[in-house]
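What follows is one structure encoded as structure tokens, with my remarks underneath.
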Amino acid sequence: MNDAYLTDLLADTAERAGGYLRGLAQRAVVPSQDAVDGLTALDTPLPERPTSPEDVIDLLDRIGSPATVASAGPRYFGFVVGSALPVTVAANWLATAWDQNAAVSFLSPVAVALEKIAIGWMVDVFGLPGGSWGGLVSGATMANMTGLAAGRRVILDRHGWDVVAQGMFGAPEVKVVVGEEVHVSVLLALRHLGFGRERLIQVPVDGQGRMRVDSMPELDDSTIVCIQAGNVNSGAFDDATAICELAQDAGAWVHVDGAFGLWAAASPKFAHLTSGFEGADSWAADAHKWLNVPYDCGVVFARNPGDLAGVGALDPAGYLEESSSQEAEPDSFTPQMSRRARGVEVWAALRSLGRSGLADLVDRCCRHAERFAEGLEQAGNTVLNDVVINQVLVSFGDDRTTESVIDEVQSDGTCFMSGTTWHGQRAMRISVSSWATSEDDVEASLRAVLQIAEGSKN
Ligand SMILES: *Cc1c(COP(=O)(O)O)cnc(C)c1O
């Protein structure tokens, strides 16, 4: 392949990608059935002969692009899905051209350097204790698993059991405490760590989904407590101050699932919600949600970085020889060896936004959520949660009506919201998590939802 050819291929692809992104605000948020059906055109027998790169890209763009969900656009409010800041898309392209393996610094000095800078910046943004350290992983699910694995090893170690050497069979019992509204990803992580669902102690929650501190079981030094910064439905924050105090007195390990909620710490207006979470031992967050970097990217931290040894390539004994966590390689802290250079986009996002830009991003999403709640309520619908950050739960009457409004909104395509069950009731969940959402997008979405809701009541 000659240089000019390579340049043309990449320039043509950039052109197509730019066109795709520019079109996002106009197109329906969900792909048409025709576009989805059209994907069968890609499902040919494995070709016997090569296809030219430009034909491959043409197929992807012509057939693939229309079959995307416009979750990178301004009116996607489903689940908790961030879009990607333009600078992170561009940084991702450059990083893809670099094609670095971020496992260790001799494979990629730049990838490891950027990951370390990004980790340090996030420790600062989240207000974690000095010396906290961690690594980039595929998302909050893996971050939860990594933090919980650290807690498991430390607790078992304390009771004379080396889980790295001896595994879980015959290990001393570890108690695991979760809230009744623990995110499924924590259950998934626990399951793979040897803590089945039926062995968990579930703490009842209050009207916003927060663990009831007065219903916490007795904690001891063989307990792991999982708390939430940002309930996936309501956005509510557990009372970290009280729970961490109980845990500290008992010698229990506290892990925080802060997938999107921890980012509230970046805004002076919302940071109070995250106070007390610095008292935990490990934390999980996502960068692909509220920080708006491309999929996939999550991050795990531990108060004592050495506690993460044993989840990665480095065994705990080996860690002791490292002079500092900052000098240790990323593959010591994460359960992956070869990895893409996720630090490039996190660094680019934070460098580009700065503290004020990041605070604006958080504030703007929360303001939009408030406007949704206000507009929906004014029209006579019921907002079910206290809108504390970017999440709104709304009921349009009985479950059937709510369900049909959600269905119609989803197929209408002006915007996209998910459905959920909240305290026994069906609800539409609106999550505002994109830099791209403007006030006009909120108004247009609100109009579409209200019109559909009006129609389904008649
Ligand atoms: C999204 C989410 C997760 C899982 O994160 P992934 O990035 O999908 O792995 C965990 N906890 C909460 C609260 C979430 O919102």
Checklist entry - strands (runs of 3 or more DSSP E) wholly in the stretch 219-315 with at least 2 residues that are more than 16 Å from the chain's Cα centre (by Cα) and on the phi < 0 side of the Ramachandran plot - which ones? => result 223-228, 253-257
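The rows are residues; the columns are (1) surrounded by fewer than 20 Cβ atoms within 10 Å (Cβ to Cβ); (2) within 16 Å of the ligand (Cβ to nearest atom); (3) at pLDDT below 95; (4) of a type in the set (A, V, I, L, M, F, W, C).
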site	(1), (2), (3), (4)
W253	no, no, no, yes
D257	no, yes, no, no
L262	no, yes, no, yes
S267	no, no, no, no
H272	yes, no, no, no
D281	no, no, no, no
A285	no, yes, no, yes
W290	no, yes, no, yes
Item to check | Selection count where residues are in contact with a Pro (Cβ under 9 Å, 6 or more places away or on another chain) and not in a helix (DSSP H, G or I), scope the stretch 1-38 | outcome: 6
Item to check | Hits in the stretch 234-243 (condition: within 16 Å of the ligand (Cβ to nearest atom) and either touching a His at 6+ places or on another chain (Cβ under 9 Å) or small (G, A, S) (or both)) | outcome: S234, G235, A236, A240
Next on the checklist: Quick test of your reading of the structure: A11 fulfils all but one of (1) within 21 Å of the chain's Cα centre (by Cα); (2) closer than 23 Å to V344 by Cβ; (3) surrounded by fewer than 18 Cβ atoms within 10 Å (Cβ to Cβ). Name the failing condition by number.
Outcome noted: (1)
Item to check | Residue selected from the stretch 130-148 under the condition within 12 Å of the ligand (Cβ to nearest atom), buried (at least 24 other Cβ atoms within 10 Å of the Cβ) and small (G, A, S), by the criterion nearest to V225 (Cα to Cα) | outcome: G147
Next on the checklist: What are the pairs with Cβ atoms under 7 angstrom where one residue, in the stretch 336-347, is modelled with pLDDT under 95 and the other, located anywhere, is assigned to a helix (DSSP H, G or I) and of a type outside the set (A, V, I, L, M)? Sequence gap at least six, or different chains.
Outcome noted: M337/D331
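The values are calculated or read from the model by the stated rules, or taken from the named source; none is laboratory data. Only a predicted model underlies this, so the values are computations on that prediction, with no experimental measurement involved. All Cβ positions, even for glycine, are placed from backbone atoms using ideal geometry, and neighbour counts span all protein chains on display.
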